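The values are calculated or read from the model by the stated rules, or taken from the named source; none is laboratory data. On a predicted model such as this, the values are computed, not experimentally measured, just so you know. All Cβ positions, even for glycine, are placed from backbone atoms using ideal geometry, and neighbour counts span all protein chains on display. SASA here: full protein model, heavy atoms, side chains in, ligands and nucleic acids out. Shrake-Rupley method; radii C 1.70, N 1.55, O 1.52, S 1.80 Å.
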Amino acid sequence: MNKYKSTGNRGLFDEQENVTKLSAIGNPLEMIGNVVDFEIFRDTLEKGLLNKEKKSNAGAKPFDVV
């Protein structure tokens with residue numbers, strides 16, 4: 001079960017084409033992602049950003065905090 005919402009309707013190769021295009025022009029986020037492991041921040045971000053005191057599960061799912 002995916003606890004985070006998706007970012008929209010995408011075709012089979014849309015993500016691959018976007019990554020390829022961004023990599024070709026020198027995506028700065030990709031360069032930073034190669035150096036920094038952002039997963040180490042997951043616990044801290046989930047504790048600080050996710051509302052766990054909800055009265056019901058109604059509403060939209062949150063985006064992935066990382």
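Roughly how many debye, to the nearest 20, is the charge dipole of the chain about its Cα centre, given +1 on each Lys and Arg Cβ, -1 on each Asp and Glu Cβ, and no other charges? The dipole of the chain has a size of about 480 debye. Labels on offer are (1) 3, 12, 15, 18, 20, 15, 10, 5, 2, 0; (2) 3, 14, 17, 16, 12, 10, 11, 9, 5, 2, 0; (3) 4, 14, 16, 14, 11, 11, 14, 12, 5, 0, and the one holding P(r) over Cα pairs in 5 Å bins from 0, in percent computed from this structure is (1).
Remark: the chain carries 93 Å² of accessible area per residue (probe radius 1.4 Å; ligands, DNA and RNA excluded). Rounded to the nearest 500, the helix-only mean residue ellipticity at 222 nm of the chain stands at -12000 deg cm²/dmol, with each DSSP H run of n ≥ 4 adding -39,500 (n - 2.57). Applying both filters, DSSP loop and at most 15 other Cβ atoms within 10 Å, to the GluC sites (Glu not before Pro) of region 29-66 gives Glu53.
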